[in-house]
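See below for the structure under consideration.
Laboratory data are not the source of any read-out in this text; all were calculated from the coordinates shown. Please read all numbers here as calculations on a predicted model, not as lab measurements. Using ideal geometry, Cβ is built from the backbone for each residue, glycine included, and neighbour counts are taken over all protein chains shown.
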Amino acid sequence: MMAANGPSLLSGRQADELRLAILDYLHTCGLKASFEAFKAETGISDYSSDGKQKYSGLLEKKWTSVIRLQRKVMDLETKVANLQEELSAGPSKRSTNATDWIPRPPERHTLTGHRSPVTRVTFHPTYTTLVSASEDATIKVWDCETGEFERTLKGHTKAVQDVRFDSKGTLLASCSVDLTIKLWDVPNSYTNTRTLVGHDHSISSICFLPAGDFLISASRDKTVRLWEVASGYGVKRLEGHADWVRGADCSPDGRLVVSCSNDQTIRVWDLASGECKSDLRDHEHVVECAVFAPLAANPLLRELSGQKMLNVDAAATTSQFIVSGSRDKTIKLWDLQTMQCVHTFIGHDNWVRGLVFHPSGKFLVSVSDDKTMRVWDCRTGRCVKVIDPAHEHFVTCVAFAGNGSYVATGSVDQTVKVWVSV
């Protein structure tokens, strides 16, 4: 075969394959004169036109491949340009400080598998484990980093209303419409080790005390109960609500409990004495959720409430505020010193179903039957992010991972979504 004239970027074999491919293309297209001239000039004598050779149709294949690659390169260049523009924009630039991270769309994972509405989501305090509860009577365990399903916990016979890990992550508690609370041994493959019985109606929510040795529960039987984890005994019963108790939460120091109810009130209890310290009334509908603010949020919320000039005890071991969400579409901030509503967050267009503070205390995240997730600045009270829609149906629950890097939401649409914080 004739050698190429002048320097070439191709190896000898590549040059020969190209000439044969060109010759094959000319023959296939019926360009006889060009075919004979090119064959004579290159001195090719081993060309075969049976279509079975390696070079048959090679020129067309290479050409279409180049066009596809050009398109991919153009798409990638566009994406890179968009990412560079996003990174250069101050507000949307990912912070290296986890205390500034808030969820942003789109979701990282959409987890499917439940056959009924998702009622609660919770993260393991240490690992990348996410647990969801559903009205399908099951609890599912997922890896929030990969989105992979790990296992299903079965034991409840009716809708599971809440799931919570203890502070060490060695125990998972769940409560159900079947009137029971179940304890699951996490290191031992989530074995159900104990079932607590005592409530007379559906159990709405549960929460471990900080030390993990006691558990509080709220029920449709109008009571809040305290349980000893080791023995499973019900050791205290808090009574005062006139209707279904929707939720209960424990203060960071374990001394106070806040509960909310269909009776449109929020009650603050002294856990040691069992006495109701205050009956908070300002909502105009069922109060779906009420939670204590983390210690880190105290100074920010004091500023929001107009008390920034007062001395704030940096070593305080208890929360100074609670927030509540209601079917009246509002979120209210309550000062535990004055037992007064000091701020109302307005923005949702339907029932507020879930509230959670960012671990840093800088942000409050809420979800609602308006299908949105909203992020509120605790210092200013302003809504700084709206994810609309977060789900295809009502959003029922929300949880932050302990390091603030992930947010999970659950919905009536039977899915769990994992959002990355930035």
### Query
If you take the square roots of the eigenvalues of the alpha-carbon gyration tensor of the chain and sort them as a ≥ b ≥ c, do you get rounded (a/c under 1.5), prolate (a/b over b/c) or oblate?
prolate
### Message
Quick check: the angle from helix 32-42's long axis to the longest principal axis of the chain, C-alpha only, nearest 10 degrees?
### Response
90 degrees
#### Entry: Value of [θ]222 nm, deg cm²/dmol, for the chain, DSSP H segments ≥ 4, -39500 (n - 2.57) each, nearest 500
-5000 deg cm²/dmol
#### Entry: Neighbour count of at most 12 Cβ within 10 Å plus DSSP loop: longest GluC sites (Glu not before Pro)-free window in the chain
1-147
### Query
In the structure shown, do any of Lys140/Lys332; Lys362/Lys417; Lys154/Lys371 have a Cα-Cα gap over 24 Å, and if so which?
Lys140/Lys332; Lys154/Lys371
### Task
Would you pull out the residues with amide H under 5 Å of Leu179's amide H, same chain only if 5 or more places away, H placed 1.01 Å from N?
Ile203
### Message
Please report the net charge: other residues with Cβ closer than 14 Å to the Cβ of Arg255, K and R +1, D and E -1.
### Response
-2
### Task
Compute the label zone of Lys54 within region 10-26: residues whose backbone N is under 11 Å from the point 7 Å along Cα-to-Cβ.
13-18
## Note on the structure
Check: C-alpha center region 181-206 vs C-alpha center region 242-288, spacing in Å is 22 Å
### Task
May I ask you to list the lysines whose Cα is less than 24 Å away from that of Lys54, ignoring any residue fewer than eight positions away on the same chain?
Lys32, Lys39, Lys62
### Message
Defining a contact as two alpha carbons under 8 Å apart and six or more residues distant in sequence, what relative contact order in percent does region 12-88 show?
### Response
32 percent
### Task
Could I have the simple spin-label model distance between Ala242 and Thr152, label points 7 Å from Cα toward Cβ, reported in nm to one decimal?
4.3 nm
### Query
What is the sum of charges around Val235, taking Lys and Arg as +1, Asp and Glu as -1, for the other residues whose C-beta is under 13 Å from the C-beta of Val235?
+1
### Task
Report ³J(HN,Hα) in whole Hz for each residue of region 257-263, in order, from the Karplus equation J = 6.51 cos²θ - 1.76 cosθ + 1.60 where θ = phi - 60°; Gly and Pro get x.
10, 10, 10, 9, 8, 5, 6
### Task
Straight distance only, please: which lysines reach the Cα of Lys236 with their own Cα at less than 17 Å, same-chain residues fewer than 8 apart left out?
Lys222, Lys277
### Task
Working from Cα positions, state the angle (0 to 90°, nearest 10) between the long axis of helix 58-88 and the longest principal axis of the chain.
30 degrees
### Query
Separation between the Thr126 and Val235 pseudo-spin-labels, each 7 Å from Cα along Cα→Cβ, expressed in nm?
2.5 nm
### Summary
Percent relative contact order for region 112-210, counting Cα pairs under 8 Å at least six residues apart, stands at 20 percent
### Task
Please report the relative contact order for the chain, taking Cα pairs under 8 Å with a sequence separation of at least 6, and give it as a percent rounded to a whole number.
13 percent
### Modelled FRET efficiency - R0 41 Å, Glu228 with Asp377, Cβ distances, 0.05 increments
0.55
### Query
Rounded to the nearest 20 Debye, what is the dipole magnitude of region 12-88 about its Cα centre when Lys and Arg each give +1 and Asp and Glu each give -1 at the C-beta?
180 debye
### Query
In region 206-308, what chymotrypsin sites (Phe, Trp or Tyr not before Pro) fall in a loop by DSSP, with at most 12 other Cβ atoms inside 10 Å?
Tyr233
## Note on the structure
Under a Gaussian network model of the chain whose springs join Cα atoms within less than 10 Å, the largest fluctuation of Ala218, Ala390, Ala40 belongs to Ala40
### Task
For Leu238, list long-range residues whose amide hydrogen, built 1.01 Å from N in the peptide plane, is under 5 Å from its own amide hydrogen.
Val224, Arg225, Leu226
### Task
Excluding Ser189 itself, calculate the net charge of residues whose Cβ lies under 14 Å from the Cβ of Ser189, where each Lys or Arg counts +1 and each Asp or Glu counts -1.
0
### Query
Which residues' amide hydrogens lie under 5 Å from the amide hydrogen of Arg104, considering only partners 5 or more residues apart or on another chain, with H built in the peptide plane?
Val420, Val422
## Note on the structure
With label points set 7 Å from each Cα along the Cα-to-Cβ direction at Val386 and Arg104, the distance between them in nm comes to 1.9 nm
#### Entry: Using alpha-carbon coordinates, inclination of helix 12-28 to the longest axis of the chain, degrees
80 degrees
